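Below: one structure, written as structure tokens.
FYI, it's all coordinate maths here, none of it is from the lab. Keep in mind the model is a prediction, meaning the values are calculated, not measured. Positions of Cβ are generated from backbone atoms using ideal geometry, with glycine treated the same way; all protein chains shown enter the neighbour counts.
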Amino acid sequence: MNYQNNEDFAKDREALIKRLESAKPFDEFMDALGIWYLDINQKEEMDFFKEAEGIPPLKVRQKFLDDIMSRLKSNYKLIIIDALGSVSCAELSSRDKLSLIILGRARYTKAQSFAKGFLHELGHSWFFRN
């Protein structure tokens, strides 16, 4: 969210995927992971997400989360990259619930630190889900 153009988002998305592909244990089962990009417009973004105080800085409508679950037929991690945000966090959840990961892109000056921040937050959500 909050990206000025699709090219910048595509670069960030690819940086995260490449970092995931090179990190243990994910490198061992990349073929088993599904990665989807949700292209939503600004109105949908306003309908699905609401800024909140504290951590996480966004609330996600339950219907939106349920719709994703019904299509995927499995648990998932919803990763939101906020180009203007400076807060990165992982919502800790139980094994039978999804995890929300928010990456505040403005917090990271380099693509390498951004990718490391992603793995850091993914590690928090992964650890508490397994």
(message) Going residue by residue through the stretch 27-48, is there one that turns out to be among the aromatic types (Phe, Trp, Tyr), more than 23 Å from Gly123 (Cα to Cα) and in contact (Cβ under 8 Å) with a residue 12 or more places away in the chain?
(response) yes
(message) Any residue at all in the stretch 78-88 that's hydrophobic (A, V, I, L, M, F, W, C) and assigned to a helix (DSSP H, G or I)?
(response) no
(message) Just to verify a result, which residue in the stretch 25-46, among those that are assigned to a helix (DSSP H, G or I) and in contact with a helix residue (DSSP H, G or I) (Cβ under 8 Å, 6 or more places away or on another chain), is surrounded by the most Cβ atoms within 10 Å (Cβ to Cβ)?
(response) Phe26
(request) Please work out if Leu98 is farther than 20 Å from Asn6 by Cα and touching a helix residue (DSSP H, G or I) at 6+ places or on another chain (Cβ under 9 Å). (result) yes
(message) Quick check on the stretch 103-126. Is at least one of its residues in a loop (DSSP other than H, G, I, E, B), touching an Asp or Glu at 6+ places or on another chain (Cβ under 9 Å), within 18 Å of Met1 (Cβ to Cβ) and not charged (D, E, K, R)?
(response) no
(request) Go through (1) closer than 21 Å to Leu122 by Cβ; (2) touching a strand residue (DSSP E or B) at 6+ places or on another chain (Cβ under 6 Å) one by one and return the number of the condition Ala52 breaks. (result) (1)
(request) Within the stretch 47-75, track down each residue that is among the acidic types (Asp, Glu), under 24 Å from Gly85 (Cα atoms) and exposed (fewer than 12 other Cβ atoms within 10 Å of the Cβ). (result) Glu51, Glu53
(request) Determine, yes or no, whether Ser88 is of a type in the set (S, T, N, Q) and surrounded by 18 or more Cβ atoms within 10 Å (Cβ to Cβ). (result) yes
(request) Only residues that are over 14 Å from the mean Cα position of the chain (by Cα) and either closer than 20 Å to Ser74 by Cβ or in a loop (DSSP other than H, G, I, E, B) (or both): list them for the stretch 3-24, please. (result) Tyr3, Gln4, Asn5, Ser22, Ala23, Lys24
